[in-house]
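Data block below; observations after.
The values are calculated or read from the model by the stated rules, or taken from the named source; none is laboratory data. Note that the structure is predicted; figures quoted are calculated from it, not measured. So basically every Cβ, Gly included, is an ideal-geometry build from the backbone, and we count neighbours across all protein chains shown. Protein only, heavy atoms only, side chains kept; ligands, DNA and RNA dropped before computing areas. Shrake-Rupley method; radii C 1.70, N 1.55, O 1.52, S 1.80 Å.
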Amino acid sequence: MSPDGTSRTWRSRSPEQTRQIGVEIAAALTAPALVLLIGDLSAGKTTLSKGLIEGLGAADAEDVVSPTFSLIHEYEGNPKVYHIDLYRLDRLPELETLGLDELWDEDAIVLIEWGEKFADSLPGPRHEIRLTHGEADERAITWTQWG
Ligand code: ADP
Ligand code: MG
């Protein structure tokens, strides 16, 4: 895919650096926004989310845990932040029971891990953050902002 959006890439060498990159990206997010976090298991999507949520002022990074099992976590703040993980969802009807449609109308930041599984059902414009494994603890992190 050749992005028409604006992209920026970082190289992280530790979970702490990834979290800090999340804080940096958060400073450029304005609500309402949809952010897809894309990457393999353990690429660092949840670690980056800790930084995003901390940077948005919605929670301390250490209080952010993976929504893999609860599917959706809500952080009260200004803006409000939703952190969602669709890893365990396989079918569109299951996604529809989550009631995401109502979130798009809120003035919120919506972070979604594994959202690309249902990309056609999610609204745009949006941000995509791709995380890829390098050697050992290295991760390449590319943030693309789509018109
Ligand atoms: P995901 O949500 O993509 O499955 P997590 O953030 O939950 O990934 O886990 C990332 C794992 O990789 C953690 O165990 C973390 O300690 C480890 N890790 C090692 N190096 C990095 C890095 N540079 N950035 C993020 N996580 C890293
Ligand atoms: Mg995760």
* To do: Show Ile129, Ile72 ordered by accessible area, largest first, where the area counts protein heavy atoms only and the probe is 1.4 Å.
  => Ile72, Ile129
* Give me the distance between the Cα centres of the range 1-77 and the range 103-146, rounded to whole Å. => 8 Å
* Surface accessible to a 1.4 Å probe, Thr46 within the full protein complex, Å² -> 30 Å²
* **Accessible area per residue in Å² at 1.4 Å probe, computed on the chain** => 52 Å²
* So how exposed is Leu92, as accessible area in Å² (1.4 Å probe, rounded to 10)? -> 70 Å²
* Along the Cα-to-C-beta direction of Glu116, a point sits 7 Å from the Cα; which residues of the range 18-40 have their amide N less than 16 Å from that point? -> 35-40
* Asked: Magnitude of the Cβ-charge dipole of the range 32-88, K/R +1 and D/E -1, about the Cα centre, nearest 20 debye?
  -> 220 debye
* Note down the net charge around Ser42, summing +1 for each Lys or Arg and -1 for each Asp or Glu among other residues with Cβ under 12 Å from its Cβ. => -1
* Carbon and sulfur together cover what percent of the accessible area of the chain at a 1.4 Å probe radius? -> 47 percent
* Would you please give the FRET efficiency between Ser42 and Arg91, computed as 1/(1 + (r/R0)^6) with r the Cβ-Cβ distance and R0 = 22 Å, to the nearest 0.05? => 0.35
* To do: Using only the alpha carbons, work out the radius of gyration and Dmax of the range 64-138 in angstrom.
  => 13.4, 41
* To do: Considering the options Val81, Thr97, Ala140, tell which one lies farthest towards the positive end of the dipole of the range 74-147, charges being +1 on Lys and Arg and -1 on Asp and Glu at the Cβ, about the Cα centre.
  => Ala140
* Stretchable slack from Asn78 to Thr30, in nm (0.36 nm times residue separation minus alpha-carbon distance) -> 16.2 nm
* So how exposed is Val35, as accessible area in Å² (1.4 Å probe, rounded to 10)? -> 0 Å²
* To do: Between beta-carbons, use under 11 Å as the cut-off and find the net charge around Gly134, counting Lys and Arg +1, Asp and Glu -1.
  => 0
* Structure fact -> Yeah, the chain with a ≥ b ≥ c from its alpha-carbon gyration tensor (a/c under 1.5 is rounded, else prolate when a/b outruns b/c, oblate otherwise) is rounded
* Helix-derived [θ] at 222 nm for the chain: sum -39500 (n - 2.57) over DSSP H runs of at least 4, divide by residue count, nearest 500? -> -6000 deg cm²/dmol
* Can you give the Kirkwood hydrodynamic radius for the range 1-70, in Å, rounded to one decimal and based on Cα pairs? -> 13.0 Å
